[in-house]
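Chemist: This is the structure, below, for whatever I ask next.
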Amino acid sequence: MTLAEKRKEIKQLTLEAIKNKKDVLSDHFKATYRTMKTETLFEETTAINVSGWKVTELFDLRQGVTWGGEGCKSIFVVNKSVACGLEKELLHRTIGGRNIHPRKIVWTEDYLVFPYIARQRKWIPAFQSPSLGVDSLDFDVNLDESEKGQGPDYKLKVRTARKYVLFPNVAEYLFKYFEILRNRIFKERPLSDYRKMWYEYIWQRDPSISSKNKIVCPRLTPEARFAVDDYGYIPRDSVMSLLPKGQFPTLKDAISKVMKKSVSEENALNYVLAFLNSQAFNDLLASQRAKKRGGYPMVGEKMMKRFIIPRPEPKHADQVESILSGHFEQKDINSFYG
């Protein structure tokens, strides 16, 4: 069943459920009829009414890297024993949604084979060769007469011997999965539709997602699980990263005024973290679960536009101090809401 056929069937079921005001079943899907307020359906209201900043005013939300294709996780995510034989420049500690718990990241010694290098705020494919004018792992081209009529295996050996391939261990490792990687299908489209080399990711994002001092959370979750990444992991696509931006310095200044001393970026992140891991955010997730009827809600821009991080006032000095020290209770958070 193609994606277009799925969409058509879902549309028909939805229209039938609305027309008949009852649940409708097909061989593949179920449309559940229920009523709700328009502002709830389209997420037009904030979850709480308090003075402060929407999360999207404080952070840029970024999804983690996506390699695309079924069964490729075991290729790109490797353990320490595999990682030790590869060039460290193309290896990064990585986390998925399951590694993230409230206020804590539990790294399971997973490394990402990430064939990119950072250059001018972009990830550049690691095997692009300015001197050659082509990618050294592009086996559809011939670099000289000797390569004519030869297959990828021969070309890789020759190019490695001539030192055209900058990271030969990673190249050899990825080449073991050449057929799997070049035949990847993502969202019913072949890799070639994305204009990517056979070893590349569908979306490698940009180097900012590997920065330190960001907040991370699972992209799909039934409960609040936010933590500060102070190491600089590369998150996979099951993770959403919150990168400080916009009004974040204003929030930091507001905390400093309440505390009557300068506070660090880490302090400000922990202040935000306390509210993101609070019952208030769990209530927002619960309302989304109800709308989805059992499905996990997606933490994304729409949801984060609805959640407010309260502006600290002098009357909150004791609570802010407790939050920044890490020794606070739910009642400290509740004091900001009324």
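Chemist: Return 200, 57 ranked ascending by Cβ neighbour count within 10 Å, so the fewest neighbours appear first.
Modeler: 57, 200
Chemist: Also: Mind jotting down the distance between the C-alpha centroids of the range 13-33 and the range 80-134, whole Å?
Modeler: Answer, in whole Å: 45.
Chemist: Mind listing the long-range amide H neighbours of residue 217? Cut-off is under 5 Å, sequence gap 5 or more, other chains count too, H placed in the peptide plane at 1.01 Å from N.
Modeler: Those lying under 5 Å, H to H, from residue 217 are 240.
Chemist: Go through (1) 16.2; (2) 19.9; (3) 21.5 and flag the label whose value is the computed mean projected area of the Cα convex hull in nm² for this structure.
Modeler: Correct label is (3).
Chemist: On to the next question. Using only DSSP helix segments of four residues or longer, with each worth -39500 (n - 2.57), what per-residue ellipticity at 222 nm results for the chain after dividing by its residue count and rounding to 500?
Modeler: Mean residue ellipticity, 222 nm, calculated: -9000 deg cm²/dmol.
Chemist: What whole number of Å gives the distance from the Cα centroid of the range 243-290 to the Cα centroid of the range 139-212?
Modeler: Using only Cα atoms to place each centre, the spacing works out to 42 Å.
Chemist: May I ask you to sort 163, 305 by Cβ crowding, counting other Cβ atoms within 10 Å and putting the fewest first?
Modeler: 163, 305
Chemist: Starting with the highest mean, order 224-235, 204-215 by the number of other Cβ atoms within 10 Å, averaged over the residues of each peptide.
Modeler: Going by the mean number of other Cβ atoms within 10 Å, highest first, we get 224-235, 204-215.
Chemist: So, one more: Putting +1 on Lys and Arg Cβ atoms and -1 on Asp and Glu Cβ atoms, find which of 304, 233, 211 reaches farthest to the positive end of the dipole of the chain.
Modeler: Farthest towards the positive pole: 304.
FYI, it's all coordinate maths here, none of it is from the lab. Treat the numbers as computed from the prediction; the structure is a model and nothing was measured. With ideal geometry, Cβ positions are generated from the backbone for all residues, glycine too; neighbour counts draw on all protein chains shown.
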